[in-house]
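Comments concern the structure below.
The values are calculated or read from the model by the stated rules, or taken from the named source; none is laboratory data. Just so it is clear, the structure is predicted and the values come from calculations on it, not from any experiment. Quick reminder, even Gly has a Cβ in these numbers, built from the backbone with ideal geometry, and neighbours come from all protein chains shown. Surface accessibility is based on the protein's heavy atoms, side chains included, excluding ligands, DNA and RNA. Shrake-Rupley method; radii C 1.70, N 1.55, O 1.52, S 1.80 Å.
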Amino acid sequence: MKSVFYYIKHTNTALSRIFIMIGWWIPDKLYLQILYFLKMGKTLHLASPLTFSEKIQWLKLYNRNPLYTLLVDKYKVKKHVAKIIGENYIIPTLGVWDRPEDIDFDSLPNQFVLKTTHGGGNVGVIICKDKMTLDYRKTVEKLNKSLKQNIYKSLREWPYKGVEKKIMAEEYMEDTETKELRDYKLFAFDGKVKALFIATERGGGNVKFDFFDADFNHLDVVQEHPMSGKNIPKPYCFEEMKEIAEKLSKGFPHVRIDMYEVNHRVFFGEFTFYHHGGVVPFHPKEWDYKFGSWIQLPEKTE
């Protein structure tokens, strides 16, 4: 009953979910125009986009760099990134399998992380802190369900169409000081970091997002999750993170580079070309225009 009242109150949320389920046959441009209206409550302007959210949709449609497919593949991207910044920034891979049923759990250490190579939004990520307590049946079920995720169909993020769907095991990482794996997500624009946000409290289901500028001044931006309300210290390796993000983002109009800091060491996370699919509002809305002003749209490559 609670969910019924939720959808009555949030009609557009319900409509957008229904639309995503049934709109697979609609051409990309029309699909994004409808989805944008349902999610953002306003018309998508593609002829002269100004906001970050609008420009993200434009980039989906008209910035078709074939390299993007490799870069969003969580397994294949590691070799590419290692060539640019070095192997020491890469989280070690423990194994790769085509099906969850093929995972050799006996070969894995007591602590590890499983994730799908094509997933997004933390879907398909399983963190195992103690193999003795892991429910193997539920793990396999969750991964099989996650393998069905299709980011192209739901958000028209075309690079994911060509990613091979596999399951990857990685070394478990945790910072001894914070007792968690904080996610540092840097917004870079053709080799220049302009802002970032830090995701904390992921393990407790109450995720918090805190936005900062490139000098680590806290920003009054709220998007999807509330601020932590805490004084988050600057990462020990902050300047190193920015240097890495600027190297990796050179030549791309916009990409979010996700990284981790573990015991004063930086580790690469992933490339995200379409932050939140470009369909999650900024509060205050002025930030949508500010972030949008940092994107210089390239020539069309449809």
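Results for (1) farther than 30 Å from Lys39 by Cα; (2) of a type in the set (Val, Ile, Thr); (3) free of Cβ contacts under 8 Å to residues at least 12 places away in the same chain; (4) buried (at least 17 other Cβ atoms within 10 Å of the Cβ), shown as yes or no for each residue.
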residue: Lys78; (1), (2), (3), (4): yes, no, no, yes
residue: Gly86; (1), (2), (3), (4): yes, no, yes, no
residue: Leu108; (1), (2), (3), (4): yes, no, no, yes
residue: Asp135; (1), (2), (3), (4): yes, no, yes, no
residue: Leu147; (1), (2), (3), (4): no, no, no, yes
residue: Ile151; (1), (2), (3), (4): no, yes, no, yes
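Tallying residues that are without any contact (Cβ under 8 Å) to a residue 60 or more places away in the chain and either out of contact with any helix residue (DSSP H, G or I) (no Cβ under 6 Å at 6 or more places or on another chain) or under 21 Å from Gln296 (Cα atoms) (or both) within the range 20-40 yields 10. Could we say that Leu61 is open to solvent by 50 Å² or more (accessible area, probe 1.4 Å) and either in contact (Cβ under 8 Å) with a residue 12 or more places away in the chain or not in a helix (DSSP H, G or I) (or both) here? No. Is it fair to say Leu70 is in a helix (DSSP H, G or I), touching a Lys or Arg at 6+ places or on another chain (Cβ under 8 Å) and open to solvent by less than 20 Å² (accessible area, probe 1.4 Å)? Criteria not met by Leu70. The condition of being farther than 24 Å from Lys247 by Cα and not in a helix (DSSP H, G or I) holds for only one of Ile91, Ile126, Ile34, that being Ile126. Quick check on the range 248-287: of everything there that is more than 18 Å from the chain's Cα centre (by Cα) and within 24 Å of Tyr160 (Cβ to Cβ), which residue is surrounded by the fewest Cβ atoms within 10 Å (Cβ to Cβ)? This residue is Gly251.
Within the range 176-192, can you find the residues that are of a type in the set (D, E, K, R), in a loop (DSSP other than H, G, I, E, B) and either modelled with pLDDT of 90 or more or within 18 Å of Phe216 (Cα to Cα) (or both)?
Arg182, Asp190, Lys192
The set of residues in the range 23-38 being modelled with pLDDT of 95 or more and open to solvent by 80 Å² or more (accessible area, probe 1.4 Å) consists of Pro27, Lys29, Leu30, Phe37.
If you go through the range 233-247 and keep only what is crowded, with 17+ Cβ neighbours inside 10 Å, touching a strand residue (DSSP E or B) at 6+ places or on another chain (Cβ under 8 Å) and either on the phi > 0 side of the Ramachandran plot or not charged (D, E, K, R) (or both), you end up with Pro235, Cys237, Met241, Ile244, Ala245.
In the range 94-105, the residue that is most open to solvent (accessible area, probe 1.4 Å) out of those that are assigned to a strand (DSSP E or B) and not aliphatic (A, V, I, L, M) is Trp97. Scanning the range 112-131 for residues that are of a type outside the set (D, E, K, R), exposed (fewer than 15 other Cβ atoms within 10 Å of the Cβ) and at pLDDT 95 or above gives no hits.
For the range 288-302, which residues satisfy the criterion of being open to solvent by 30 Å² or more (accessible area, probe 1.4 Å) and assigned to a loop (DSSP other than H, G, I, E, B)? Across the range 288-302, the qualifying residues are Trp294, Gln296, Leu297, Pro298, Glu299, Lys300, Glu302.
Of the residues making up the range 18-37, just one is out of contact with any Phe, Trp or Tyr (no Cβ under 9 Å at 6 or more places or on another chain) and among the charged types (D, E, K, R), namely Lys29.
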